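Here's the structure, in structure tokens; my notes come after.
Here, each number is a calculation from the coordinates, and none is a lab measurement. None of these values were measured; they are calculated from a predicted model. Here the Cβ is made from the backbone with ideal geometry for all residues, glycine too, and neighbour counts use every protein chain on show.
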Amino acid sequence: MQPSDKALVPFVSVDNMMRLIHHIGVERMITEIAAQIEDDFKRWESFDKTPRIPAHSPHGVIELMPTSDGEAYGFKYVNGHPKNTSEGLQTVTAFGLLADVYTGYPTLLTEMTMLTALRTAATSALVGKYLAPKNASTMAMIGNGAQSEFQCLAFKAMCGIDTVRLYDIDPAATAKCAANLQGTGLNVVSCRSAEEAIEGAQIITTCTADKKYATILTDNMVGPGVHINAIGGDCPGKTELHRDILLRSDIFVEYPEQTRIEGEIQALDPDHPVTEMWQVITGQAEGRRDERQITLFDSVGFAIEDFSALRYVKHAIEGTEFFEPLDMLADPDDPRDLFGMLMRAK
Ligand SMILES: NC(=O)c1ccc[n+]([C@@H]2O[C@H](COP(=O)([O-])OP(=O)(O)OC[C@H]3O[C@@H](n4cnc5c(N)ncnc54)[C@H](O)[C@@H]3O)[C@@H](O)[C@H]2O)c1
């Protein structure tokens with residue numbers, strides 16, 4: 001039985017997502033997703049917002065991240081399993097869905113493992129554009145796993161970084177990252193310690209994965225004027241920075257209700273002042289004030305960023321071959337005759 005048009009939902013497989021990314025170009029796609037995120041942060045108040053819904057286990061976490069602007073609804077399924085790489089699996093995998101609020105019908109189903117890397121990098125560099133010191137040219141990239149190259153390219157494309165200094169506890173990860181960044185136009189320096197990596201860096205990105213309170217940066221490592229882009233602390237009991245760094249920094253977050261549960265600031269009092277990025281982007285709050293200020297983006301990843309990325313992809317695949325129609329919705333001729341549809345299919 002042939003499905004009707006109404007039954008079909010555009011589906012973007014990993015293969016098609018990779019073809020789409022190559023068609024557009026990695027840096028351009030990150031920059032364009034960042035522009036979409038920026039637009040959506042500007043209309044922050046029009047979104048339904050809730051901290052993501054986690055299912056924790058000793059092995060990792062599985063999370064659902066829903067939001068809606070009243071016209072479209074989106075969610076992402078994402079996991080975080082730091083032990084996975086030792087078993088040949090990814091730490092983070094994801095897929096996501098957009099739906100039409102008026103009918104409730106899904107309008108897009110897509111892989112989001114690749115897309116999450118792009119949107120995370122896009123968000124980081126967007127925030128960097130507002131908070132990083134002017135004329136920043138060097139970024140320390142600590143944690144050289146799946147997200148790392150995307151972060152480096154985003155800061156190159158959007159914040160003018162020309163040098164990255166890489167460090168990972170696993171030298172093989174650093175070697176992989178350095179090899180992948182060859183020919184991108186970035187000067188790549190492989191380092192043997194986090195201390196070496198941060199030398200001369202105006203931006204420090206921490207993007208490590210460990211299911212514990214880790215101390216990737218200690219207080220003495222962070223000098224005045226730097227911008228810290230802390231990606232990897234994104235779960236209760238999983239952080240990267242020494243508490244004293246937080247106390248010396250001005251802290252910027254996506255959605256405080258979620259960040260206080262998952263971010264670096266879980267180590268602080270529940271009323272410790274933080275600034276919401278949407279307010280900086282709309283000019284309602286101050287970003288970087290002066291050259292000596294330490295700015296910290298306590299990134300955990302918020303549903304609106306995924307919503308922006310989903311809408312970007314929905315638009316980008318229109319009229320292209322980068323998707324396949326998936327027979328996903330039962331569509332009986334008589335909407336109430338679902339059983340009849342089943343029987344006719346015998
Ligand atoms: N904030 C967000 O929006 C967001 C989005 C996606 C992923 N993440 C988080 O970012 C982190 C990185 O994700 P990934 O997919 O690149 O993970 P990954 O497992 O591929 O890479 C993590 C790397 O960190 C390294 N590492 C672990 N401990 C370290 C330490 N003490 N010092 C230096 N390096 C160390 C590991 O060797 C590994 O190479 C994860 O914690 C993930 O949950 C955050």
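Spin-label point model (7 Å from Cα, Cβ direction): what's the ASN220 to LEU89 distance in nm?
Output for this residue pair reads 4.0 nm.
What shape does region 1-83 have by the C-alpha gyration tensor, where a ≥ b ≥ c are the square roots of the eigenvalues, rounded means a/c under 1.5, and otherwise prolate means a/b greater than b/c and oblate the rest?
The shape class here is rounded.
Around ALA178, with a cut-off of 12 angstrom between Cβ atoms, what is the net charge of the other residues, counting Lys and Arg +1 and Asp and Glu -1?
Computed value for this residue: 0.
Which of the three applies to region 166-241, rounded, prolate or oblate, going by the alpha-carbon gyration tensor with a ≥ b ≥ c and a/c under 1.5 meaning rounded?
Taking the square roots of the gyration eigenvalues as a ≥ b ≥ c, region 166-241 is oblate.
Quick check: the angle from helix 303-317's long axis to the longest principal axis of the chain, C-alpha only, nearest 10 degrees?
Around 60 degrees separate the two axes.
For region 76-193, what is the Kirkwood estimate of the hydrodynamic radius, computed as the reciprocal of the mean inverse distance between distinct Cα atoms, to one decimal in Å?
Evaluated over region 76-193, this radius sits at 15.8 Å.
Based on alpha-carbon centroids, what's the gap between region 293-346 and region 267-284 in Å, whole number please?
Taking the Cα centre of region 267-284 as reference, the centre of region 293-346 is 32 Å away.
Find how much the distance from ALA175 to HIS23 grows on full extension, using 0.36 nm per residue of separation minus their present alpha carbon separation; answer in nm with one decimal.
Details: separation 152, 0.36 × 152 = 54.72 nm, distance 2.70 nm.
So the extension gain works out to 52.0 nm.
So what's Rg/Rh here for the chain, counting alpha carbon atoms and using the Kirkwood radius for Rh?
Values: Rg = 20.9 Å, Rh = 20.9 Å.
Rounded to two decimals, Rg/Rh equals 1.00.
Determine the sum of side-chain charges near GLN90: Lys and Arg each +1, Asp and Glu each -1, restricted to other residues whose C-beta is under 13 angstrom from that of GLN90.
Combined, the nearby Lys, Arg, Asp and Glu give -1.
As I understand it, the value is the acute angle between the Cα axis of helix 113-131 and the longest principal axis of the Cα atoms of the chain; what does it come to in degrees, rounded to 10?
40 degrees
Distance between Cα centroids, region 166-238 to region 69-111: provide it in whole Å.
27 Å
R0 = 45 Å: FRET efficiency of LYS42 with LYS346, Cβ-based, nearest 0.05? Write down the numbers at each step before the final one.
Working: r = 53 Å, r/R0 = 1.18.
In this case the efficiency is close to 0.25.
Of the beta bridges DSSP finds with both residues in the chain, what % are antiparallel, to the nearest 5?
Of the beta bridges lying entirely in the chain, close to 50 percent run antiparallel.
Of the peptides 18-27, 258-267, how do they stack up when ordered by the mean number of other Cβ atoms within 10 Å, highest first? Write out the running numbers ahead of the final one.
On the way: 18-27: 15.8, 258-267: 22.5.
Top of the packing list down: 258-267, 18-27.
Considering only the other residues whose Cβ falls under 11 Å of the Cβ of GLY160, what net charge follows from Lys and Arg at +1 and Asp and Glu at -1?
Taking every Cβ under 11 Å from that of GLY160, the sum is +2.
With axes computed from alpha carbons, what is the tilt in degrees of helix 148-159 against the longest principal axis of the chain, rounded to the nearest 10 within 0 to 90?
80 degrees
If a/c stays under 1.5 just call it rounded; otherwise compare a/b with b/c (prolate if a/b is bigger, oblate if not). Do that for region 202-295, with a ≥ b ≥ c from the square roots of the Cα gyration tensor eigenvalues.
oblate
Which residues does the label zone of GLN2 cover in region 318-346, counting backbone N under 17 Å from a point 7 Å along Cα→Cβ?
325-328, 331-333, 345
Could you tell me the relative contact order of the chain? Use alpha-carbon pairs under 8 Å, at least six residues apart, and round to a whole percent.
21 percent
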